[in-house]
Amino acid sequence: MIAGATVAALLGTTVAVTAHAAPLGLAQVEQKLRDAGYSRIHEIEKDDGLWEADVTRDDGRFREVYVDPKTGEIFDEFDGRTQLTIDQLLAKAKEQGLKDIHSVERDGATWQLEARNARNQKVDVRLSGHDGRILDSERDGWLD
């Protein structure tokens, strides 16, 4: 890093350093949920790259929510944010290089689907139901 900064200084340019935060752990996810008004946390587990939690809100309503371990964003279908329609979601998925999309299923405020990625590999993908961005993508088997 120092060598890169020295070279950049000599050349009169700047070097952008991108810091990647560590994924949220269980205790951090629990705190995020409590801070967001989920008074009781019944169960938390990792599922398809996200934290999945069974929770009860302060108003007594039980629900299943997902938490992105990279950003801490909570995906709750009843949080008042707009949800994409299936047509909007499919368009967003295709914009991100997914093709041969099938087995599409809404799961709360996220969507799950099977597709082929830009490298033509079979993948299982979870997307945000709010903006269609890919939250997690895992290769589906080794023999495509």
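The alpha carbon gyration tensor of the stretch 45-91 gives principal lengths a ≥ b ≥ c with a/c of 1.5 or higher and a/b no greater than b/c, which makes the shape oblate. Working from Cα pairs under 8 Å separated by at least six residues, relative contact order for the stretch 17-144 is 17 percent. Relative to its residue count, the stretch 21-80 spans a Cα convex hull of 76 Å³ per residue. Cross-link partners for Lys122 among the lysines, with Cα-Cα distance under 27 Å and sequence neighbours closer than 8 places in the same chain left out: Lys46, Lys70, Lys92, Lys94, Lys99.
Decide, for the stretch 34-129, between rounded, prolate and oblate: order the square roots of the alpha carbon gyration tensor eigenvalues as a ≥ b ≥ c, take rounded if a/c falls under 1.5, and otherwise choose prolate if a/b is larger than b/c, else oblate. Judged from the Cα gyration tensor, the stretch 34-129 comes out prolate (a/c at least 1.5, a/b above b/c). Ordering of 22-30, 121-129 by packing is 121-129, 22-30, highest average first (other Cβ atoms within 10 Å, averaged per residue). Computed over the stretch 86-139, the percent of Cα pairs more than 12 Å apart is 56.
A short reminder: the numbers here are calculations on the coordinates, not readings from a lab. What you see is a predicted model; the values in this text were computed from it and never measured. Virtual Cβ from ideal backbone geometry, glycine too; neighbours counted across all protein chains shown.
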